[in-house]
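Peer 1: One structure, as structure tokens, below. Some questions next.
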Amino acid sequence: ALAFLLPWPDRVQTSGLLQPRTRLALYAPPHAAVQALPVKNGQSVAAGQPLLRLSSPELDLRDGETGARQDVLAWQSASAGLDAGSRKDWQVLNDQLAYASAEHATVGADLRRYRPVAPYAGVLVDVDPDLRPGAWLKGQEYLGSLVAAGRWQVVAYVDEEAVRRIRQGDRAVFIADGLAGPAVRLTVASIDRDASRTLGEPELAALFGGDVLVREKNGVFYPEHAAYRVVLDADAALPATSPAWRGRVAIAGRWEAPALRFLRAAAAVAWREAGF
């Protein structure tokens, strides 16, 4: 009975996703075709370097049309200032030029989505080896990811009872599912104060082998019970070309007496039964 009242060492266990701390996923915009692949899978890139080049015949046509219209209006506006008979049209031409310039800038912004550049130095990974210039892509088709060099992190979710027993700085360990991947020592970096409204990592949903019970609606996953997002930093760096891994996370939480946990669970049941 005394042991039931004394604090015991405790481990909070849940599923987690080991992934790079900084990762940019690339997706195909609508009606895109591959024009060029300047970077190979696994190749390092510098910040500002083009990652791939896509084309859109519709946008290319609009870019040419709006650019030509802008050039014509710019010439007409400049000429109107020299011709006394056309000076009365100068303001109208200037307004049309401003509109054409804005339209051309909008098309240019759309085209930049088809020519992504690296926002930081890293390694391009997960590029489909069968991707070739001339291939048409589906909208939102995954094209690869840019991974920054540096340490990795694990994202996990714990329930309301477990979140009370962990603190920032607690030690933890990650073991990949099936022992197929790495075992990594971790440190709790952050714990969300509020429960997550949605599950941002579908791999951790029970539907796909994780621990978080969810309901799906229109492609969005909503936790069935309160789930708190926990981020843990890996002690060691992994190669940027390593894949993301799902696995088990064990967090060395604070010691707690079994009696306290039992009383808390009983109080929660009584509270629900009372209709509160």
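Every read-out reported here was derived from the displayed coordinates using simple, explicitly stated rules and does not represent laboratory data. Keep in mind it's a predicted model, so treat the numbers as computed, not measured. Every residue, glycine as well, gets a Cβ built from its backbone with ideal geometry; the counts of neighbours run over all protein chains shown.
Peer 1: Name the GluC sites (Glu not before Pro) in the stretch 171-242 that are in a loop by DSSP and that have at most 16 other C-beta atoms within 10 Å, would you?
Peer 2: Those satisfying the criteria are Glu224.
Peer 1: Please identify every one of the GluC sites (Glu not before Pro) in the stretch 94-174 that sits in a loop by DSSP and has no more than 10 other beta carbons within 10 Å of its own beta carbon. Could the numbers behind the result be given before it?
Peer 2: Numbers: sites: Glu103, Glu141, Glu160, Glu161; in loops: Glu141.
Sparse-neighbourhood loop GluC sites (Glu not before Pro): none present.
Peer 1: Using Rg/Rh (Cα atoms, Kirkwood Rh) as the read-out, say which of (1) 1.12; (2) 0.98; (3) 1.19 was calculated from these coordinates.
Peer 2: Matching entry in (1) 1.12; (2) 0.98; (3) 1.19: (3).
Peer 1: Follow-up question, since we're still on this one. Counting each DSSP H run of 4 or more residues in the chain as -39500 (n - 2.57), what helix-only mean residue ellipticity at 222 nm follows after dividing by all residues, to the nearest 500 deg cm²/dmol?
Peer 2: -8500 deg cm²/dmol
Peer 1: Please go through the stretch 58-159 and write out the trypsin sites (Lys or Arg not before Pro) that DSSP classes as loop and that have at most 16 other C-beta atoms within 10 Å.
Peer 2: Arg113, Lys138
Peer 1: Moving on. Mind giving me the nanometre distance, one decimal, between the label points for Lys138 and Gln168, set 7 Å out from Cα along Cα→Cβ?
Peer 2: Inter-label distance under the simple model: 4.2 nm.
Peer 1: Test of understanding: ordering His31, His225 by Cβ neighbours within 10 Å, fewest first, what list do you get?
Peer 2: On the way: His31 16, His225 10.
By the 10 Å Cβ count, ascending: His225, His31.
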